[in-house]
Amino acid sequence: MSSKAKKMIRLGGILVSGVFVLYGVVRGEAGIVLNKAVNICFECIGLG
Amino acid sequence: MKHSIKRKLVQVAAFGYSNPYLMNFKGGKLYQGKWKQFCNPGLNCYSCPAAAFACPIGALQAVNGSANFKLSFYVVGILLAFGVLLGRAVCGWLCPFGLLQELIHKIPSPKLKLKKAFLYLKYVVLVVFVIVLPIAVTDYMGMGKPAFCQYICPAGTLEGGVPLLLSHQALRQTIGSLFTLKVAILIGTVIGCVLVYRFFCKALCPLGAIYGLLNKISIYGLKVDEHKCINCGKCRQICRMEVDPVRATDSAECIRCGECAKACPEGAICVGFAAEGRKSERQPL
Ligand code: SF4
Ligand code: SF4
């Protein structure tokens with residue numbers, strides 16, 4: 001892959017990641033993550 | 001300072017910022033602050049009492065398996081950002097479970113190489129347990145279970161399961177066959193890591209699989225100057241991820257540890273940010 005193509009893909013990747021994160025936050029996904037992470041996850045510890 | 005010591009210090013610092021709440025081990029509590037909505041770049045169970053952030057693989061399954069959403073743009077966006085920026089340098093420098101595996105590998109024993117076929121297993125784990133099962137197998141409310149956490153993740157058993165069960169008698173009474181399976185996987189992983197350098201990273205980690213795919217485009221990369229390289233093979237011999245950096249600079253297995261660059265007698269290898277645009281500053285040994 002040429003270095004110019006790589007640079008374009010990187011730029012695209014960073015832009016897409018920013019849009020994805022913002023869209024996810026707006027529709028409330030960060031809240032789901034927080035809720036899962038602050039409570040004991042019974043699946044993670046092998047009980048769920 | 002020696003390169004390997006520098007890397008170890010960064011790994012220890014990353015372990016520390018990922019798990020600063022050590023006092024929580026005493027009461028078996030979890031940190032419940034706002035930082036937990038952010039994902040750690042590396043694999044670190046959010047049910048570990050000391051953890052400050054969410055595990056990205058757990059978070060991905062949690063949103064994908066939720067009643068309202070079938071794809072987490074939030075977590076995919078975070079993973080894409082870490083991957084484009086660092087690729088598997090996350091594994092080599094920042095992942096707490098990667099550091100644990102390197103320490104376990106120091107236990108004296110015969111050291112083995114992993115058969116190449118096992119390297120593909122982590123992609124199967126990613127597709128089946130992290131993506132398909134949490135989305136496809138749902139209960140009457142439309143909610144899926146985090147199948148990777150539930151049936152495989154040894155980090156969850158070690159960092160979350162063992163300390164929480166030790167500190168909660170009520171939880172201990174609910175131990176069943178699932179916990180036995182997870183302990184067996186944990187024991188198998190520990191034995192694997194004693195024998196094979198980063199056994200779990202090579203064979204099973206879905207996060208390593210994602211970052212490995214992004215190694216091809218990541219800004220933190222590896223470059224070999226073909227004018228300087230004399231094909232002595234020293235880089236290939238020193239690489240404990242069994243990569244030949246001359247033939248496969250973008251290998252999905254390369255964790256960008258930089259050991260090959262230090263071993264090259266001609267200073268032909270450059271590992272770092274935007275490596276392809278840089279000349280190796282190192283002179284021949
Ligand atoms: S492969 Fe997984 S466990 Fe290994 S260092 Fe990378 S993220 Fe961590
Ligand atoms: S190729 Fe070099 S940087 Fe990559 S894992 Fe092997 S020794 Fe480390």
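Key figures
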quantity: C-alpha center-to-center spacing [the range A:7-48, the range B:137-216] in angstrom; calculated: 19 Å
quantity: Accessible area buried between chains A and B, both sides summed, probe 1.4 Å, in Å² to nearest 100; calculated: 3500 Å²
quantity: Cα-based shape type of the protein assembly as shown, given that a ≥ b ≥ c are square roots of the gyration tensor eigenvalues and the cut on a/c is 1.5; calculated: prolate
quantity: Summed side-chain charge close to B:Gln37 - residues other than B:Gln37 whose Cβ falls under 11 Å, Lys, Arg +1, Asp, Glu -1; calculated: +2
quantity: Length added when fully stretched, B:Ser4-B:Thr180, from 0.36 nm per residue minus Cα-Cα; calculated: 59.7 nm
quantity: Cα gyration tensor shape of the range B:83-132, rounded if a/c is under 1.5, else prolate or oblate by comparing a/b with b/c; calculated: oblate
quantity: The protein assembly as shown: calculated mean residue ellipticity at 222 nm from DSSP helix runs of at least 4, using -39500 (n - 2.57); calculated: -13000 deg cm²/dmol
quantity: Kyte-Doolittle mean at least 1.6, axial Cα span of 18 Å or more - DSSP H helices of chain B; calculated: B:73-86, B:177-195
quantity: Extended-chain gain in nm, criterion 0.36 nm per residue less alpha-carbon gap, B:Asp244 and B:Tyr140; calculated: 32.5 nm
quantity: Extent along principal axes [Cα atoms of the range A:3-44; Å; largest to smallest]; calculated: 46, 24, 11
quantity: Residue among B:Ala14, B:Ala59, B:Ala67 with the largest mean-square fluctuation in a Gaussian network model of chain B, springs linking Cα atoms under 10 Å; calculated: B:Ala67
quantity: Folded to 0 to 90 degrees: helix A:29-38 orientation relative to chain A principal axis, Cα; calculated: 40 degrees
quantity: Efficiency of FRET between B:Val127 and B:Asn231 - r from beta-carbon atoms, R0 45 angstrom, step 0.05; calculated: 0.75
quantity: Solvent-accessible area per residue, Å², over chain B with all protein chains present [probe radius 1.4 Å]; calculated: 45 Å²
quantity: Positive-end residue of B:Asn24, B:Cys235, B:Ala51, charge dipole of the protein assembly as shown with Cβ unit charges; calculated: B:Cys235
quantity: Unsatisfied cross-links (Cα-Cα over 20 Å) in the set A:Lys6/B:Lys262; A:Lys36/B:Lys29; B:Lys113/B:Lys223; B:Lys111/B:Lys223; calculated: A:Lys6/B:Lys262; B:Lys113/B:Lys223; B:Lys111/B:Lys223
quantity: Of all accessible heavy-atom area on the protein assembly as shown, the percent that carbon and sulfur account for (1.4 Å); calculated: 69 percent
quantity: Cα-based Rg / Dmax (Å) for the range B:220-273; calculated: 9.6, 25
quantity: Size of electric dipole in the range B:220-273: Cβ of Lys, Arg +1 and of Asp, Glu -1, about Cα centre, debye, nearest 20; calculated: 120 debye
quantity: Proximal charge balance of B:Lys106 [Cβ under 13 Å; K/R count +1, D/E count -1]; calculated: +3
quantity: Whole-angstrom gap from the range B:1-48 to the range B:111-132, using each part's C-alpha centre; calculated: 25 Å
quantity: Environment charge at B:Gly92 (Cβ cut-off 15 Å; Lys +1, Arg +1, Asp -1, Glu -1); calculated: +4
quantity: Test item: B:162-174 mean partner chain Cβ contacts at 10 Å; calculated: 2
quantity: Isotropically averaged projected area of the range B:3-213, using the convex hull of Cα atoms (one quarter of hull area), nm²; calculated: 12.7 nm²
quantity: Cα-centre dipole for the protein assembly as shown with unit charges at Cβ (Lys and Arg positive, Asp and Glu negative), debye to 20; calculated: 660 debye
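The values are calculated or read from the model by the stated rules, or taken from the named source; none is laboratory data. No experiment lies behind these values; they were computed from the predicted model shown. Virtual Cβ from ideal backbone geometry, glycine too; neighbours counted across all protein chains shown. Just so you know, the surface numbers come from the protein's heavy atoms only, side chains and all, with ligands and any DNA or RNA stripped out. Shrake-Rupley method; radii C 1.70, N 1.55, O 1.52, S 1.80 Å.
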